[in-house]
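Q: Sharing a structure with you now.
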Amino acid sequence: MVDIKENLNNLIDTIKELPSLPIIVTQLIQTINNEKSSAIDVAKIISNDQAVTSKILRLVNSAYFGFQKKITTVQHAISILGFDTIRSIALSLSVFEDIKGDLGLFNKESFWAHSIGTAVSSRELAKIINMEDLSGTAFVCGLLHDIGKLIEFKYFINDFNNVVRLSAAQNICFYEAEMQIFRISHTEIGYKLGTKWDFPDEICIPILHHHTFTDKFNNYTHNERILIAIVHLANIISKSRNFGYSGYEKIPDLLKEYYEVLQVNRQQLGVLIERTEDEFNKSLELLKII
């Protein structure tokens, strides 16, 4: 029998096998992360790619935002949407562009919907706990939290399907089924992929730890700890509200260590769920555009 973990580790270690972000997205992320960048700088990069330009303009003029006047230029779109939203759209275009339809037992549009649901939940949760300055990063963390699964079914589709089957048969989380079959998780793979793409630690670390508590938790920065906890809870909300499908049915257990970090009370949770459902329903407009 092939050692799946060894193959996955080799795949990760040789890193050449992992997909690269399109140059435009890399340039866009670098420019947006530069505090000195302006809307004009970002617009120049986007305007070099007609597909990205078209989709951003379609999105900004869609029912998702509901602006009365039509937006006709990328620069105007950027000034309205902001850098964080533009970064999220660009990542969505590049990461999820080719995952429509089905592959084996996995419906990728439902996976995409789950990713959007977790992203929206993450963003709204950041606002609820008065960490609005992290809301854009939280959205990206939620959007990409399961990115490692894309690598698994791209390179190990038969074993990936076995993980889906095992999860259903034993009513266990995808993560637990992965550890039985792959002996490595999508969280580790996603972390490696994020570091290859030069994502900041504030994105990579929540991807790595959104399912399990780590004894390194207190060594991370305040923002990293908050983002880990946000994505953990947002993923549970996305699962419990049936926002798409991430490959398994069981709702993950809420880890008290992460919940305590957020200090969310029941009233805030109720507001969060209501907001998230509204925002998720609106965000489905993304599925028509991406």
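The values are calculated or read from the model by the stated rules, or taken from the named source; none is laboratory data. Keep in mind that what you see is a predicted model, and the values were worked out from it rather than measured. So basically every Cβ, Gly included, is an ideal-geometry build from the backbone, and we count neighbours across all protein chains shown. SASA here: full protein model, heavy atoms, side chains in, ligands and nucleic acids out. Shrake-Rupley method; radii C 1.70, N 1.55, O 1.52, S 1.80 Å.
Q: Under the condition of being modelled with pLDDT of 80 or more and assigned to a helix (DSSP H, G or I), which residue from segment 51-72 is most open to solvent (accessible area, probe 1.4 Å)?
A: Within segment 51-72, the first condition is being modelled with pLDDT of 80 or more, and the residues that meet it are 53-54, 56-58, 60-61, 69-72.
Right, trim to assigned to a helix (DSSP H, G or I) and you get 53-54, 56-58, 60.
Values: THR53: 28, SER54: 57, ILE56: 0, LEU57: 37, ARG58: 117, VAL60: 0 Å².
Going through the qualifying residues, I end up with ARG58.
Q: Which ones in segment 246-275 are open to solvent by 80 Å² or more (accessible area, probe 1.4 Å), part of a helix (DSSP H, G or I) and charged (D, E, K, R)?
A: LYS256, GLU260, ARG266, GLU274, ARG275
One line per residue, one yes/no per condition, for (1) within 16 Å of HIS114 (Cβ to Cβ); (2) surrounded by 21 or more Cβ atoms within 10 Å (Cβ to Cβ); (3) modelled with pLDDT of 90 or more:
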position	(1), (2), (3)
GLY142	yes, yes, yes
LYS149	yes, yes, no
ILE157	no, no, no
PHE174	yes, yes, yes
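Q: Got a sec? Which of LEU227, LEU208 is open to solvent by 30 Å² or more (accessible area, probe 1.4 Å) and among the aliphatic types (A, V, I, L, M)?
A: Details: LEU227 fails: open to solvent by 30 Å² or more (accessible area, probe 1.4 Å).
One residue alone meets the criteria, LEU208.
Q: While we're here: Does ILE184 meet the test of being β-branched (Val, Ile, Thr), under 19 Å from the mean Cα position of the chain (by Cα), over 30 Å from ASN33 (Cα atoms) and assigned to a loop (DSSP other than H, G, I, E, B)?
A: Numbers: β-branched (Val, Ile, Thr): yes; under 19 Å from the mean Cα position of the chain (by Cα): no; over 30 Å from ASN33 (Cα atoms): yes; assigned to a loop (DSSP other than H, G, I, E, B): yes.
Against the criterion (β-branched (Val, Ile, Thr), under 19 Å from the mean Cα position of the chain (by Cα), over 30 Å from ASN33 (Cα atoms) and assigned to a loop (DSSP other than H, G, I, E, B)), ILE184 does not qualify.
Q: Same structure again: Any residue in segment 208-237 that is β-branched (Val, Ile, Thr) sitting within a Cβ distance under 7 Å of a residue that is part of a loop (DSSP other than H, G, I, E, B)? List the pairs, counting only those 6 or more apart or interchain.
A: Cβ pairs passing all conditions: ILE226/MET131; ILE228/HIS210; VAL231/HIS145; VAL231/HIS210; ILE236/ILE251; ILE236/PRO252; ILE236/LEU254.
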